[in-house]
Structure formats: C-alpha cells, structure tokens
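> Mind looking over this structure? Questions follow.
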Amino acid sequence: MAAALPALALGAGLLAAAWRWLRGTARALTAGSMRGKTVIITGANSGLGRAAAAELLRMRARVIMGCRDRARAERAAREIRAEVGERAEGEGELVVRELDLASLRSVRAFCHRVLQEESRLDVLINNAGVFQCPYMKTEDGFEMQFGVNHLGHFLLTNLLLGLLKNSAPSRVVVVSSKLYKYGEINFEDLNSEVSYNKSFCYSRSKLANILFARELARRLEGTGVTVNSLHPGIVRTNLGRHVNIPLLAKPLFNLVSWAFFKTPLEGAQTSIYLASSPDVEGVTGKYFGDCKEEELLPKAMDDLVARKLWDISEVMVGLLK
C-alpha cells in the first residue's frame, strides 16, 4: 500500500494540472461601479468574505468588514488596500468594525454603531460561518453553528432593516450551502440539546439561512429591499479547520483541493454578482449558484416552516418576548 502512494500522488498531480489548465483562471465579475454605495460583509477578513471585500472595493464601494478578530481584520484590510492599489484611492473605502456573531451583545453593539455612523446601507452580505465544529455554545447558550450561521445573522439583519429600507433600492445577500439538502429543521431540538451531529447541524443552519432569506423576502415585498441566498460551491478556505484529515492523507487531500476546489475569488463570484449586478435588480426570494438561479428542494420552499422558524428566532434573539 505504501509503495502505491507515490504513484497515486503522481497520477493525482497530473490529473490536477490538467484540470486546472482546462478550467482556466476565474476572473472577477466586476459588473460596474459601486461608487457611493455602502456594503457590510460579515467574516470579511478571510476566505469568501475577504475576496468579496477586495472586489467590491475595486468597484469603488465603501466596504465595512464585520469581523470577530479585530487584529486579523485590520491586517486583512491592509493587505486588501495594497492589492487594490491606487484604483480605489479617494473613491472606495475599507472600514473595519468588530462583530462577533456568537454574541448577541456584540451584534447589537455593531448595529448601534452602524446606525449612528452610516447614513445609508446598500448591501448586507451575510457571509460569516462556522463549519462542523465540535459541540460548543455561543455566549448566549445557543449551539454554535445554529447560533452563528443563523441566529447571529437573523438579529443583525433585523436590526439593520430600517437603514436598508431607507437606502432602497438595497440588497441582502445570504451565503448558504448546497449541504442544506442534508438538513432538517427540528423544532423540538433546535439547540441540539438532545443530540448533536456536527455535519447535520451545519446542514440545518444552512437550510435555516435559505428559509430565513425566503421569509424575509416575503416580508419586504414592495419596500425596494431584495433578498437572495446562494451557495458558493466547494471552496478552499479555512472554514474546514474543524475537519480532521488523517496525516498520511493530507498531501493527497491538498492536491485534490488545489485541483478541484474553487479559489476564494471564484467562490465569491455569486456574492459579488448578487451585491452589484444590474441583472438581478428587483429579483428577490431566489437561490443562486455560479451566478445563475437554481431550483431548491421542497423543504427549502416550505413557507409554513419558514414562518415558524422566523417566529421562534425572534424570541431566541430577544426581538420578541
């Protein structure tokens, strides 16, 4: 078996090189200027969020990076400014604000500051996420994946709705995942107190993202605020840091991920498209992949479940008692 590993790695390497050559290099979908527009991106210091922040800055947007680790976010902001260079000088702007979606107190503080300092909000990109972590709880006692991926963004969006409405036409972009297909909304155990499976709970949180976007779009009809969800594809980011890969398999996994996974820039294309493209002006309540509308499974279009999830989420985050 050990003797076969070098041959396997060589074959995978050749396959990887051929695939990347055939696929080519993705280019950012800079659909036009975002001059004068303000965009908030959660989790913008790495991965998809960082790539989206850089591209929207290139398009002259004022980008607010909502990040848990301020030091890492400031470092990412410096790197992005250096990458973008003079093209955005005097027009686009990058701003770092502390936001920990695992803390409702932090979410409220972030929104309070935004409402005090910002005169408009044109796009909110709910991008940050936790993936398949061991069982742990947020500051407020919620299961971490459901708490960060759904509840934190649910409160954030609701607290900023007034500003989004006043800035209409404006957009909410919700980053979900194709893994929603393996999730179920179990109202009897939303907090995973009875049982916890890190994979299923991630899928549940991503299904909740889609149901939230669908219900929010329904509630915002006629306001000029559109809401759409998306899946970015399989992307090489640090989101999978909690996934354990055997030491001997890591070189092969790294090779395969280099060959077949999207880069953060490639993965961010649909977020950028939904945030900026005139092609989706007025489009709401839809689900996208690779910058195209896609069909959802029936469980992600269940309006009764979406409304019940909304009502329960309101109570969980303290919007209703």
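> Mind ranking 310-316, 106-112, 119-125, 203-209 by how tightly packed they are, going by the mean number of other C-beta atoms within 10 angstrom, highest first? Please report the intermediate quantities before stating the final value.
On the way: 310-316: 16.0, 106-112: 18.3, 119-125: 21.7, 203-209: 26.0.
Averaged packing, sorted descending, gives the order 203-209, 119-125, 106-112, 310-316.
> Shifting gears a bit: Once Rh is set to the Kirkwood radius over Cα pairs, what Stokes-Einstein translational diffusion coefficient, in µm²/s, holds for region 31-75 at a temperature of 37 °C and a viscosity of 0.692 mPa s?
So the translational diffusion coefficient is about 313 µm²/s.
> Please report the equivalent ellipsoid semi-axes of region 72-166, computed as sqrt(5 x eigenvalue) of the Cα gyration tensor, largest first, in whole Å.
Working: eigenvalues 143, 70, 23 Å².
One finds semi-axes of 27, 19, 11 Å for region 72-166.
> Okay, moving on. Greater than 28 Å separation of Cα atoms is the criterion. Which listed pairs, LYS165/LYS262; LYS262/LYS292; LYS262/LYS286, meet it? Could you put the intermediate results ahead of the total?
On the way: LYS165/LYS262 34 Å; LYS262/LYS292 17 Å; LYS262/LYS286 23 Å.
From the list (LYS165/LYS262; LYS262/LYS292; LYS262/LYS286), the Cα-Cα distance tops 28 Å for LYS165/LYS262.
> Rounded if a/c is under 1.5, else prolate if a/b beats b/c, else oblate: with a ≥ b ≥ c from the C-alpha gyration tensor eigenvalues square-rooted, which is region 31-317?
Since a/c stays below 1.5, the shape of region 31-317 is classed as rounded.
> Accessible area per residue for region 31-317 in Å², computed with a 1.4 Å probe and the full protein assembly in place, what is it?
43
> 5 Å is the cut-off here: which amide hydrogens, built 1.01 Å from N in the peptide plane, fall below it relative to VAL96, excluding neighbours closer than 5 in sequence?
Placed amide hydrogens put MET65 under 5 Å from VAL96.
> Report ³J(HN,Hα) in whole Hz for each residue of region 74-85, in order, from the Karplus equation J = 6.51 cos²θ - 1.76 cosθ + 1.60 where θ = phi - 60°; Gly and Pro get x.
Calculated HN-Hα couplings, in order: 5, 5, 5, 5, 4, 5, 5, 4, 5, 5, 6, x Hz.
> Something else about it: Considering only DSSP beta bridges where both residues belong to region 31-317, give the percentage that are antiparallel (nearest 5).
Bridges in region 31-317 are about 10 percent antiparallel.
> Compare the peptides 269-278, 40-49 by average per-residue count of other Cβ atoms within 10 angstrom and give them in order, highest first. Let's see the in-between values first.
Details: 269-278: 22.7, 40-49: 26.6.
By packing density, highest mean first, the sequence is 40-49, 269-278.
> Related question: List every residue whose amide H lies under 5 Å from the amide H of LYS286, counting only residues 5 or more places away in sequence or on a different chain, with H placed 1.01 Å from N in the peptide plane.
Excluding prolines and chain starts, which carry no amide H, the hits are SER229.
> Residue by residue through region 57-72, which ³J(HN,Hα) values in whole Hz follow from phi under the Karplus form 6.51 cos²θ - 1.76 cosθ + 1.60 (θ = phi - 60°), with glycine and proline marked x?
Working through the residues one at a time gives 5, 4, 8, 6, 7, 8, 10, 9, 8, x, 9, 6, 9, 5, 4, 5 Hz.
> List the residues, sorted by chain then number, that are 5 or more residues from LYS262 or on another chain and whose placed amide H is less than 5 Å from its amide H.
Excluding prolines and chain starts, which carry no amide H, the hits are ILE234, VAL235, ARG236.
> Tell me the carbon and sulfur percent of the accessible area for region 31-317, rounded to whole percent, probe radius 1.4 Å. Working shown, then result.
On the way: 6400 of 12400 Å².
Result for region 31-317: 52 percent of the exposed heavy-atom area is carbon or sulfur.
The values are calculated or read from the model by the stated rules, or taken from the named source; none is laboratory data. A quick note: this is a predicted structure, and the numbers were derived from the prediction, not measured. With ideal geometry, Cβ positions are generated from the backbone for all residues, glycine too; neighbour counts draw on all protein chains shown. Accessible surface areas use protein heavy atoms only, side chains included; no ligands, DNA or RNA. Shrake-Rupley method; radii C 1.70, N 1.55, O 1.52, S 1.80 Å.
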